[in-house]
Amino acid sequence: MNALHQFNEHLIVGHVEKGKQLGRKIGFPTANLNLVEELMIDKGVYGVYVYHHSKKYLGIMNVGNRPTFNDGDHQTFEVHILDFHECIYDEYLTIEVMFYIRNEIKFDQLQDLINQLQADAFYARKKFRLLQ
């Protein structure tokens, strides 16, 4: 968890690129980030603040290799912005990691992933309320 603590002083900046749009199909669209600067952060799901056009949003970010989708071993940074429905391809987002939620998990059933993402979003909203 040491990797998380170092980001309390740093922001992650990434360019939003079009992905496979799998998150959109299950009700959790994500911004797939191509990071401006390489960094090390532990795999897992995080509660994050997302800055877009000088507005701050709440989000959950997965860092890892998307094991449920057998998507290879390359590391991805995917952010689901809560209560956000804009098209932001080819734009830049700034991400502030606030807290760790859980390890990245491989789910056998897609519905299990959807249920976990709903639980992650619920947990993140609750935790963000405590931070305010």
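Rule-based calculations on the coordinates, nothing more; no lab input. Predicted model, so just to flag it, every value in this text is computed and none were measured. Note: ideal-geometry Cβ built from the backbone for every residue, glycine included; neighbour counts use all protein chains shown.
Descriptive notes on the structure:
- As a proxy for reagent exposure, Lys18, Lys127, Lys56 were ordered by neighbouring Cβ count within 10 angstrom, fewest first; the result is Lys18, Lys56, Lys127.
- Listed from fewest to most Cβ neighbours within 10 Å, the set Phe69, Phe77 follows the order Phe69, Phe77.
- Environment charge of Ile88, counting only residues whose C-beta is closer than 15 Å and scoring Lys/Arg +1, Asp/Glu -1: -2
- The helix-only estimate of mean residue ellipticity at 222 nm for the chain, built from DSSP H runs of length n ≥ 4 each weighted as -39500 (n - 2.57), is -7000 deg cm²/dmol after division by the residue total.
- Summing charges over all other residues whose Cβ lies under 10 Å from the Cβ of Lys20, with Lys and Arg as +1 and Asp and Glu as -1, gives +3.
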